[in-house]
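The values are calculated or read from the model by the stated rules, or taken from the named source; none is laboratory data. Everything numeric in this text was worked out from a predicted model, so none of it was measured. Here the Cβ is made from the backbone with ideal geometry for all residues, glycine too, and neighbour counts use every protein chain on show. Just so you know, the surface numbers come from the protein's heavy atoms only, side chains and all, with ligands and any DNA or RNA stripped out. Shrake-Rupley method; radii C 1.70, N 1.55, O 1.52, S 1.80 Å.
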Amino acid sequence: MQCGEGDAGRSDTGSGGWDQRGADAGCHEGEHGLQVVGFAWRNRHTDPGAIEREFRGPNGRAWLMHWLPARAHDNGLFVVFSNGVGRDDDEVRTGNAMVLDSYGRILAETWVAADQMVLADLDLDLGLIPLSTGRRWLAGRRPELYDILVRRFGTERDPRTARFATDPVDI
């Protein structure tokens, strides 16, 4: 999620997080809409509603809901998602820890702007995993189509370099 490149108040971390460098700007327009910068995090104790709205909004929980339930469903697995909360270099981590079942349904979650652990009882005797749609799809996969995904091309990067890269990636 590339928001911008180097403008005051714009995130160029490529992570979709909130940029701390443009705090005077208040907010900026990013790829996924209006993003709050540093002051929402700094004022979390005096205005907890504002940071909760951000954590639950398009750059927090809403963004996760585009892909996280699909991963659980497609793979037929329970998924535990954990994420830091607060400043991390030039961005603010939104937390939003959650546990999902093999159909992508949320069993437990948090969006508070503080350290918090989520717990969920997983009843593995329900037969959710072996009967899940994702598990059945895995039985019908075609590995011969995946060859290009596991082939080395010599352009691989370590995860941190890939995450914060600003140059285009040729495929």
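Checking each residue in the range 117-168 for being free of Cβ contacts under 8 Å to residues at least 24 places away in the same chain and either under 30 Å from Gly49 (Cα atoms) or in contact with a Ser or Thr (Cβ under 8 Å, 6 or more places away or on another chain) (or both) picks out Met117, Val118, Leu119, Ala120, Asp121.
Can you tell which of Gly140, Gly154, Gly127 is more than 26 Å from the chain's Cα centre (by Cα) and open to solvent by 60 Å² or more (accessible area, probe 1.4 Å)?
Details: Gly140 fails: open to solvent by 60 Å² or more (accessible area, probe 1.4 Å); Gly127 fails: open to solvent by 60 Å² or more (accessible area, probe 1.4 Å).
Gly154 is the lone residue from the list that is more than 26 Å from the chain's Cα centre (by Cα) and open to solvent by 60 Å² or more (accessible area, probe 1.4 Å).
Closer than 20 Å to Val80 by Cβ and either assigned to a loop (DSSP other than H, G, I, E, B) or open to solvent by 80 Å² or more (accessible area, probe 1.4 Å) (or both): which single residue out of Ala108, Ala120 fits that description? If you could, list the steps in order and put the result at the bottom.
Values: Ala108 fails: either assigned to a loop (DSSP other than H, G, I, E, B) or open to solvent by 80 Å² or more (accessible area, probe 1.4 Å) (or both).
Matching residue, one of Ala108, Ala120: Ala120.
The residues in the range 123-171 that are part of a loop (DSSP other than H, G, I, E, B), within 19 Å of His73 (Cα to Cα) and of a type in the set (Lys, Arg) can be counted, and the count is 2. Note on the range 103-128: among residues that are among the β-branched types (Val, Ile, Thr) and either touching a Leu at 6+ places or on another chain (Cβ under 7 Å) or at pLDDT 90 or above (or both), the one that is nearest to Asn59 (Cα to Cα) is Thr110. Here the strands (runs of 3 or more DSSP E) wholly within the range 54-102 that include at least 3 residues being surrounded by fewer than 17 Cβ atoms within 10 Å (Cβ to Cβ) and modelled with pLDDT under 90 are 85-88.
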